[in-house]
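A short worksheet on the structure shown next.
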Amino acid sequence: MNDTKPAPGNAATPAQVRIFDTTLRDGEQSPGCSMTPRQKVVMARALAGLGVDVIETGFPASSESDREAARLIAREVRTPVLAVLSRCLPADIEASARALDGAARPRLHVFISTSALHREHKLRMSKAQVLDTAAACVAQARGFVDDVEFSTEDGTRTEREFLAEVVGAAIAAGATTINVPDTLGYTTPEEMRALFAHLIATVPGAREVVFSAHCHDDLGMAVANSLAAIEGGARQVECTINGIGERAGNCAMEELVMALKVRGAWYNADTGIDTRQLVPASKLLSRLVGMPVQRNKAVVGANAFAHESGIHQHGMLRHRGTYEIMNPEDVGWPASKMVLGRHSGRAAVSHRLRALGYTLGEGQLDQAFAGFKALCERQRVVEDRDLEALMHGDIRGDGFRLASMTVSDRGQRASAEIELSDPDGRSIGKRALGDGPVDALFSALAAATGVDLQLESYQVHSVGIGADARGEANLSVRCGDDAWEGTGTSTDVIEASALAWLDIANRVLRARQLQPQRQAAHA
Ligand SMILES: CC(=O)SCCNC(=O)CCNC(=O)[C@H](O)C(C)(C)COP(=O)(O)OP(=O)(O)OC[C@H]1O[C@@H](n2cnc3c(N)ncnc32)[C@H](O)[C@@H]1OP(=O)(O)O
Ligand SMILES: CC(C)C(=O)C(=O)O
């Protein structure tokens, strides 16, 4: 495999690509992701810890919160350049300059749309008006600070000659960074590479400024397009943690940074990011904005370094390079995960059993493996405690079963009435009140089983479509010092929630019963 190619610009040393983080501005434009000024300060500190070169802290003309956040961050975060966004309007630029007052390294970022569609329908401006306005607002911004970034909104859908003209006018007026956004996530890597190479080669003064890419992910190509812009000569990339941002989001920082690192020989470009902070930053943002990261998300998703398939696990146990192109530790995960489930094979099961202290002969392993596969028909993930139960011949599969339930949310407080059959087949009925139907239901289940679970996360989603759709409930709970996860499915999401709760409670009870045997086995 050819892993190398001429470096961007044929530089002998890797090109340095500036990371411009816009999580607090474009990221925050993601519906439902608004942050308070204090939350933004917390995130800005984490971004500074990551080593980003520029933090865009907000759009001061848009709200008091944005102004307050920009002011607080300017006071507390001193190392990265701090940028704020303004339209090409004198009042916006004045508000931005005031918000950056006192910043150690202030940057004013001004933008105007350049494409025909935006000029005609949105701005109702002629080409000449856009050109003049761009130059005037860059000049105004330069009156406040030396570091001025100019963006051509919808740049990739703009006529090339006009785009070059506007960029030239902005450079002549004093812009020090030229950002060409793919505002609608419309372009392709080939187009992006060619566009940047063309602008840098032809616009007067282009080699004296830094070119920047700002890509959206409407077609899932934001990272690929940003990488192509670097190949075309861009030396700044605008991105966000977890790829949050308008619509489908922005270029995801963690993906871009790791692509440059893992394929260093190909891109010959570096960033100053401390990649071990990527996962902590992703988790922090997810908590602050209340938006979970999809499990299969590259680099920072929970499954990014998790392996369930037997063939992969077998390969991983021989050499992790067979199925991993990065080290999880390098991006902030503690280790790779071997998840035991229906797709796992003997190699992984026997490896896990050995780690738990069970060294089995061939025949014993066959027997344990058959039991493991049978268990996988009943539960998605087999944990250590399940394996131990299996080894002690104590998987009964019965436990508490849901016989019936009625949940009502009509009075002041919701109520739930349930009937369970216990492991010996006896019937137990309980009723409980709660702050909502699920709260009432879980209280009734706790009363009936005697198991107290502290809910940490609760998610319900549909599996399948149309009339066949079923609700799946996923619970993460704590019980004492242990964390547990459980799943339940049903056509009724409340029933799915009850089944997920019982899935965990039954395993907790099984683990409790096995405690003495386990201690004796390991004594
Ligand atoms: C591609 C991007 O991400 S650009 C950034 C987008 N971010 C945001 O819009 C978030 C913050 N926005 C806001 O809070 C509000 O939109 C505000 C405060 C900026 C403006 O609010 P309003 O004055 O009520 O205007 P509204 O949002 O309805 O319309 C936008 C106006 O800005 C004008 N405008 C848009 N871009 C620019 C620009 N780059 N330069 C000058 N004017 C612009 C529009 O033509 C429109 O003007 P009009 O009202 O005279 O027709
Ligand atoms: C204002 C610019 C940088 C932008 O966010 C976009 O075009 O998407």
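Within the stretch 169-206, being part of a helix (DSSP H, G or I) and out of contact with any helix residue (DSSP H, G or I) (no Cβ under 8 Å at 6 or more places or on another chain) holds for one residue alone: Ala201.
The residue of the stretch 103-120 that is farthest from Cys88 (Cα to Cα), among those that are more than 16 Å from ligand 2 (Cβ to nearest atom) and of a type outside the set (D, E, K, R), is Ala104. Exactly one residue out of Ala248, Ala234 is in a loop (DSSP other than H, G, I, E, B), touching a residue at least 24 places away in the same chain (Cβ under 8 Å) and within 16 Å of ligand 1 (Cβ to nearest atom): that is Ala248.
Filter the stretch 113-162 down to the residues that are within 32 Å of the chain's Cα centre (by Cα) and of a type in the set (Gly, Ala, Ser) and list them by number. Hits for the stretch 113-162 are Ser113, Ser115, Ser151, Gly155.
When restricted to residues that are touching a residue at least 24 places away in the same chain (Cβ under 8 Å) and within 17 Å of Gln313 (Cβ to Cβ), the stretch 352-385 contains 11.
Can you find a residue in the stretch 283-301 that is within 16 Å of ligand 2 (Cβ to nearest atom) and either outside any helix (DSSP H, G or I) or within 25 Å of Glu485 (Cβ to Cβ) (or both)? For the stretch 283-301, residues within 16 Å of ligand 2 (Cβ to nearest atom) and either outside any helix (DSSP H, G or I) or within 25 Å of Glu485 (Cβ to Cβ) (or both): absent. Scanning the stretch 19-66 for residues that are within 13 Å of Cys239 (Cβ to Cβ) and either aromatic (Phe, Trp, Tyr) or within 11 Å of ligand 1 (Cβ to nearest atom) (or both) turns up Phe20, Thr22, Arg25, Asp26, Gly27, Glu56. Among the residues of the stretch 406-422, those identified as over 37 Å from the mean Cα position of the chain (by Cα) and either surrounded by 14 or more Cβ atoms within 10 Å (Cβ to Cβ) or part of a strand (DSSP E or B) (or both) are Thr406, Glu417, Ile418, Glu419, Leu420, Ser421, Asp422.
Within the stretch 382-389, not a single residue is assigned by TED's automatic domain parsing to the domain that holds Ala483, aliphatic (A, V, I, L, M) and part of a strand (DSSP E or B).
If you take the residues of the stretch 159-191 that are among the hydroxyl-bearing types (Ser, Thr, Tyr) and in contact with a Lys or Arg (Cβ under 9 Å, 6 or more places away or on another chain), which of them is surrounded by the fewest Cβ atoms within 10 Å (Cβ to Cβ)? In this case the residue turns out to be Tyr186. Scanning the stretch 273-292 for residues that are out of contact with any strand residue (DSSP E or B) (no Cβ under 8 Å at 6 or more places or on another chain), touching a residue at least 40 places away in the same chain (Cβ under 8 Å) and within 22 Å of Lys261 (Cα to Cα) returns Asp274, Thr275, Arg276, Gln277, Leu278, Val279, Pro280, Ala281, Ser282.
Residues of the stretch 165-188 that are within 13 Å of ligand 2 (Cβ to nearest atom), over 25 Å from the mean Cα position of the chain (by Cα) and among the hydroxyl-bearing types (Ser, Thr, Tyr): Thr177 alone. From the list Ala95, Ala83, Ala103, the one residue that fits, being assigned to a strand (DSSP E or B), surrounded by 14 or more Cβ atoms within 10 Å (Cβ to Cβ) and either within 13 Å of ligand 1 (Cβ to nearest atom) or under 32 Å from the mean Cα position of the chain (by Cα) (or both), is Ala83.
Applying the set (1) under 19 Å from Thr188 (Cα atoms); (2) touching a residue at least 60 places away in the same chain (Cβ under 8 Å); (3) in contact with a helix residue (DSSP H, G or I) (Cβ under 7 Å, 6 or more places away or on another chain) to Thr240 leaves exactly one unmet item: (1). When the stretch 106-137 is limited to residues that are more than 12 Å from ligand 1 (Cβ to nearest atom) and under 21 Å from Phe59 (Cβ atoms), the one that is surrounded by the fewest Cβ atoms within 10 Å (Cβ to Cβ) turns out to be Pro106. If I go through the stretch 470-491 residue by residue, how many of them are outside any strand (DSSP E or B) and acidic (Asp, Glu)? The number of residues fulfilling the criteria is 1. Taken over the stretch 264-303, the criterion of being basic (Lys, Arg) and crowded, with 16+ Cβ neighbours inside 10 Å is satisfied by Lys283, Lys297. Taking the options Ile200, Ile178, Ile171, name whichever one is touching a residue at least 12 places away in the same chain (Cβ under 8 Å), in the same structural domain as Arg235 (by TED's automatic domain parsing), of a type outside the set (Asp, Glu) and within 16 Å of ligand 1 (Cβ to nearest atom). So the residue among Ile200, Ile178, Ile171 that is touching a residue at least 12 places away in the same chain (Cβ under 8 Å), in the same structural domain as Arg235 (by TED's automatic domain parsing), of a type outside the set (Asp, Glu) and within 16 Å of ligand 1 (Cβ to nearest atom) is Ile178. Would you confirm, using the coordinates I've provided, whether Val257 is away from ligand 1 (no atom under 13 Å from the Cβ) and outside any helix (DSSP H, G or I)? So Val257 does not fit the description; no. Against the list (1) within 32 Å of the chain's Cα centre (by Cα); (2) basic (Lys, Arg); (3) surrounded by 14 or more Cβ atoms within 10 Å (Cβ to Cβ), the condition Arg431 fails is (1). I'd like to check something: does the stretch 210-223 contain any residue that is assigned to a helix (DSSP H, G or I), without any contact (Cβ under 8 Å) to a residue 60 or more places away in the chain and within 16 Å of ligand 2 (Cβ to nearest atom)? Yes, the stretch 210-223 contains at least one residue that is assigned to a helix (DSSP H, G or I), without any contact (Cβ under 8 Å) to a residue 60 or more places away in the chain and within 16 Å of ligand 2 (Cβ to nearest atom).
The values are calculated or read from the model by the stated rules, or taken from the named source; none is laboratory data. Keep in mind that this is a model prediction, so the values were computed, not measured. Please note: Cβ atoms are built from the backbone with ideal geometry, for glycine as well, and neighbour counts cover all protein chains shown.
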